[in-house]
1. Do we have residue 123 as over 17 Å from residue 23 (Cα atoms), out of contact with any Pro (no Cβ under 8 Å at 6 or more places or on another chain), in a strand (DSSP E or B) and not hydrophobic (A, V, I, L, M, F, W, C) here?
2. Which of the residues spanning region 37-46 are crowded, with 21+ Cβ neighbours inside 10 Å and not aromatic (Phe, Trp, Tyr)?
3. What number of residues in region 77-101 are under 23 Å from residue 155 (Cβ atoms) and surrounded by fewer than 24 Cβ atoms within 10 Å (Cβ to Cβ)?
4. Which one of these is free of Cβ contacts under 8 Å to residues at least 60 places away in the same chain and of a type outside the set (Ser, Thr, Tyr): 173, 162?
5. In region 159-168, is there at least one residue being within 20 Å of residue 92 (Cβ to Cβ) and in contact with a Phe, Trp or Tyr (Cβ under 7 Å, 6 or more places away or on another chain)?
6. What are the residues in region 241-267 that are in contact with a Phe, Trp or Tyr (Cβ under 7 Å, 6 or more places away or on another chain) and either under 26 Å from residue 156 (Cα atoms) or of a type in the set (A, V, I, L, M) (or both), if any?
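The values are calculated or read from the model by the stated rules, or taken from the named source; none is laboratory data. The structure presented is a predicted model; accordingly, all values stated were derived computationally and were not measured. Cβ: placed from backbone, ideal geometry, glycine included. Neighbour counts: every protein chain shown.
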Amino acid sequence: MVRDRLLHDMQAKINKEEIINYYDECQVDYEIVWHLKNYMCMHYGYWDETTPNLRAALNNMNLRLAEYAGIKHGQRVLDAGCGVGGSSIFLARNYECKTVGITLSDKQVDTCRKNAALHGVSDQCTFQTGNYLETGFPDNSFDVVWGVESVCYAFDKIDFLKEAYRVLKPGGKVIVADFYHDNVSTASPEWEIMDKWTKTWAIKSYAGVSSFRNDMRAVGFERCRERDVTANVLKSIQRLYYSFFPGFVVTYVGQLLGRRNKLQTANTWSTYYQYKAYKKGLWKYMFFFGTKPL
C-alpha cells in the first residue's frame, strides 16, 4: 500500500508538470483558433438554436452553467482551474460575484490578472497559483465551486470532489462541465483512441459518467443532478476537426522551421482524436451539480 501510494504521488507530480507545460506552450493555439484574447474561454462553448457563432457559444456556456448552478448575485465562487480568467470575469460582471481563481500555471495567473484589470473587475476577482486538490483555503469558505473543463485534469477525480466539499459552505454548490467516457473499458480496442486524445492534452484519463456520479454521492453531495449536453457542443467538436487539416500542415511546417514544438503538434492532433472518439460514441459532455448538506 505504501509503495502504491508513493508511485501514485510521483505520477501525479509528473502529470502536474505536464499540465503546466501544456498550457504554457499551447495557449497560443487557443488564441489563434478559439478567440482566447477577446473571449477568455478555454471550453467548447454551448450551442443551441439561437447561437449564431463560436463567440456567442463561448459566452452561452458560462450563462448556461450559471443558470444550471443557480448562481446568485454576490456569491463567493472558487473558479477551480480558472484558465485565463474568463469564467471569473463573467461571474463578476454579470452576477457581482467575488471570485477566486486558481491554476497551476504562473503564466495563466499573470494573464488572468491582466484580463481582470482590462475588464474593470480586479476588485472582485483574485487569482493565484494553486492546486484545486489541495487549495489551502479554510473549511466552509465558498458558496460555489466552479469547474469547467478542468476537473478532467485531476489525477483522481474524487480528490477534487472531496476538496470542493470541504471548502464549500453548508448549502454550497459544486458545478462541473467536462468530458466523460461512456463505459469504455481500458482493455477494449476503443480505449486506444481515448488514450491518444487525453495524452495530447496532458490528461491521465476521463472519468466515467457512472463513476463520477457515484463519487459525488460518496463524498456527501446531495440533490445531485446531471445533464448530457453533448449535442450542444457538437458544432465545436466539428469545428475543431475541420481545423485539423490546415492546422496539421501549419504545425508540421512550423516544427520543421523551429517555430512550433512537439506539444503544440500533439495539441493539433487532439482535434482529430476528439472527433474520432465522438464518432465512435466513446464520450459525452456532461454538466454535474451537487449541494453540500446544511
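1. no
2. Correct list: 40, 41, 42, 43, 45.
3. 1
4. 162
5. Yes, the conditions are met somewhere in region 159-168.
6. Listed by number, the list holds a single entry, 263.
Residue by residue, here is whether (1) part of a helix (DSSP H, G or I); (2) free of Cβ contacts under 8 Å to residues at least 60 places away in the same chain holds:
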position: 27; (1), (2): yes, no
position: 31; (1), (2): yes, yes
position: 52; (1), (2): no, yes
position: 57; (1), (2): yes, no
position: 61; (1), (2): yes, no
position: 77; (1), (2): no, no
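The rows are residues; the columns are (1) out of contact with any helix residue (DSSP H, G or I) (no Cβ under 8 Å at 6 or more places or on another chain); (2) polar (S, T, N, Q); (3) at pLDDT 95 or above.
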| site | (1), (2), (3) |
| --- | --- |
| 57 | no, no, yes |
| 79 | no, no, yes |
| 122 | no, yes, yes |
| 138 | no, no, yes |
| 157 | no, no, yes |
| 160 | no, no, yes |
| 170 | yes, no, yes |
